[in-house]
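Every number in this text was worked out from the coordinates using simple rules, so none of it is lab data. Worth saying up front: this structure is predicted, and the values here are computed from it rather than measured. We place every Cβ from the backbone using ideal geometry, glycine too, and count neighbours over all the protein chains shown.
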Amino acid sequence: MLSRRAFLRQAGRVGTGALLTTGVGGGAAGWWTASSSAALTGNELVDGFLPSPPVVPFEAVFRTPPVLAPTRVEADADYYEMTMRPAVVEILPGRSTTIWGFNGQFPGPTIKARRGRRVVIRQTNQLPDAKPAVHLHGGHVEARFDGYPTDVIPFGASREYVYPNRQLAASLSYHDHEMHRTAPNVYMGLVGAYLLEDEEEAALNLPSGDFDVPLIIQDRAFGVDGSLRYTPGMDGMYGDVILVNGVAQPRFGVANRKYRLRIYNASNARGYELTLSSGQPFVQIATDGGLLPTPVPRTTIPLQPFERVEVIVDFSSVEVGSPVILQNGLATGRTAAIMRFDVERQEEDRSSVPSVLRPLERLEEEAATVTRDFTLGMAMGGERMTWVINDQAFDHARVDATPRLGDTEIWRFTNRSGPHPHPMHIHLDMFQILDRNGAPPSPAEVGWKDTVAVGPDETVRVIVRFTDYPGRYMFHCHNLEHEDHAMMGQFDVTP
């Protein structure tokens, strides 16, 4: 059995054994058309992969995605318009990259929502080669607004999504969920941050305004012309350029004070083990589903695809003029450094980190009406291996669970797929981790979650209460290539 650390190192490694070799966004052929990587970029293969053009670390300036303004505001709702469209942007210096973005941005604009106020987003598709289905990741929403993989938006059409925001404040995200194409569509740029805020959190005096910053971390590969290169292996797609908010290994000029960093792993497959070069701890204050009961100091934070953490980093102990590098302990070479904080100035800091953040309503194991087992593995799917749950690939006609509205259930995920980790995501409701191989979760995992990393030979039990909305929802691995290659199931919540 692999240790937790060994599992994380497996999760962060570069995948091998390519399933597809394609140029993404290169015309009507789409991502299924196999072609020669060398022909696409003109590079020589190195260890079976084409290296991206070199990037000078920390030369590009950090930026935050713009906050989208509503087009209409009512007493209890904010209305937004977004268009998914191609755009040409500069990610690598001096090279142009075609992306697919919400409002043509990479990543998409940030939505700031308030608990108890509805958000209504009209999404219009102007992507000739995609039919997106937009999912609010971590959102507690009706099934018809959840972005079911076949509830797609055809080219030229629009679809309205209603998010009630009747849940705790949290760093959520929105992204494409199209059947069999989630991975390439997200890789091209269809992802953004959705920040849900509430009065209880605002009263804590945490760093706010310019000192409350999202970090959307992704890895990408590029051709010599700057085009995005999509060459997934069996383990998923691993790029060799690290981006933060769409900028390659940026530098961020900060003051010598506390910052709240909302960290997103928005990579398709890559896992991260976050550390600071100064050796100082992060103070974790939140998980996927919002605030922890109490702050948790950590010098290392593992993060699998589409997990999120919120941390406080205090630069007051760093001498002005000094750098602090955010590092990935799972990587070497060009993907080991994520970004650099340059402590440039002194500034007054009136924020604080209270010893108590938010009381946690614990779901009691005794309240569960049923325990469901889901074994994660691999099987032959036609002429190639595919990812399966309980030895079955995803099937629209099959329902894998039928919880009743209001019931509490235990879902037990067991990984039997060799060295491959699986970040398992359940739609509709947040859950809590009961144990990992019988051991209780760490203090950093006791809060609400929507995605849980299940390591090789590991069994993780989570407890979830199904509330408010009947209907059909998904659960799946959030390694996006695993998801696209059939590691999904669905459940019907019945009244």
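Quotient of the Cα radius of gyration of the range 136-226 and 2.2 N^0.38 Å, N being its number of residues: 1.34.
Taking a straight line from the alpha carbon of Lys258, these lysines sit under 30 Å away, with near neighbours fewer than eight places off in the same chain left out: Lys112, Lys449.
Residues whose amide H falls under 5 Å from that of Arg404, counting only those 5 or more places apart or on a different chain, are Thr494, with hydrogens built in the peptide plane. Most simply put, the range 60-206 has about 65% antiparallel DSSP beta bridges, counting only bridges with both residues inside it.
In this simple spin-label model, placing a label point 7 Å from the Cα along the Cα-to-Cβ direction at both Val67 and Glu366 gives a separation of 4.5 nm.
When peptides 179-192, 329-342, 129-142, 294-307 are ranked by their average number of other Cβ atoms within 10 Å per residue, the highest-first order is 179-192, 129-142, 294-307, 329-342. Have a look at Pro109, Ser227, Gly147 and report the one farthest towards the positive end of the charge dipole of the chain, computed about the Cα centre with Cβ charges (Lys/Arg +1, Asp/Glu -1). Result: Ser227, furthest along the dipole toward the positive end.
Charge dipole (Cα centre; +1 on Lys/Arg Cβ, -1 on Asp/Glu Cβ; no other charges) of the range 219-288 amounts to roughly 440 debye.
Of the residues Gly209, Val254, Val73, the one whose Cα sits farthest toward the positive end of the charge dipole of the chain, with +1 on the Cβ of Lys and Arg and -1 on the Cβ of Asp and Glu, is Val254. All other residues whose Cβ lies under 12 angstrom from that of His485 are scored, Lys and Arg at +1 and Asp and Glu at -1, for a net of -2. So for the range 124-188, what percent of the C-alpha to C-alpha distances run longer than 15 Å? Here the long-distance tail beyond 15 Å is 50 percent of all Cα pairs in the range 124-188.
Applying both filters, DSSP loop and at most 10 other Cβ atoms within 10 Å, to the trypsin sites (Lys or Arg not before Pro) of the range 364-420 gives Arg398.
Looking at the chain alone, DSSP beta bridges between its own residues are antiparallel in about 75 percent of cases. A simple spin-label model places the labels of Asn205 and Asp492 5.3 nm from each other, with each point 7 Å out along Cα-to-Cβ.
Taking the convex hull of the alpha carbon positions in the range 113-159 and averaging its projected area over all directions gives 3.6 nm². Listed peptides 425-431, 94-100 appear in the order 425-431, 94-100 once ranked by packing, highest mean of other Cβ atoms within 10 Å at the front. For the pair the range 263-324 / the range 167-190, the C-alpha centres are spaced 22 Å from each other.
Convex hull volume of the Cα atoms of the range 386-495, normalised per residue: 96 Å³.
For the range 150-299, the Kirkwood estimate of hydrodynamic radius, built from reciprocal distances between every pair of different alpha carbons, is 17.9 Å.
Rounded to the nearest 20 debye, the dipole size of the range 350-490 about its Cα centre is 300 debye, using +1 on the Cβ of Lys and Arg and -1 on the Cβ of Asp and Glu. According to the calculation over all Cα-Cα pairs in the range 278-407, the P(r) per 5 Å bin from zero is 2, 7, 10, 12, 13, 13, 11, 10, 8, 6, 5, 2, 0 %. Of the Cα atoms belonging to the range 83-242, the radius of gyration and Dmax stand at 16.7, 49 Å.
Would you work out which of Gly333, Leu195, Met385 lies farthest towards the positive end of the dipole of the chain? Charges go on Cβ: Lys and Arg +1, Asp and Glu -1. It is Gly333, whose Cα lies furthest towards the positive end. The Cβ shell under 13 Å around Arg262 holds other residues with a net charge of -3, Lys and Arg each +1, Asp and Glu each -1. The charge dipole of the chain, taken about its Cα centre with unit charges on the Cβ of Lys, Arg, Asp and Glu (plus for the first two, minus for the last two), comes to roughly 460 debye. The structure-derived value of percent of Cα pairs over 28 Å apart appears in the list [x] 50; [y] 73; [z] 56 under the label [x].
The distance between label points at Thr83 and Thr375 comes to 5.1 nm (points 7 Å beyond Cα on the Cα→Cβ vector).
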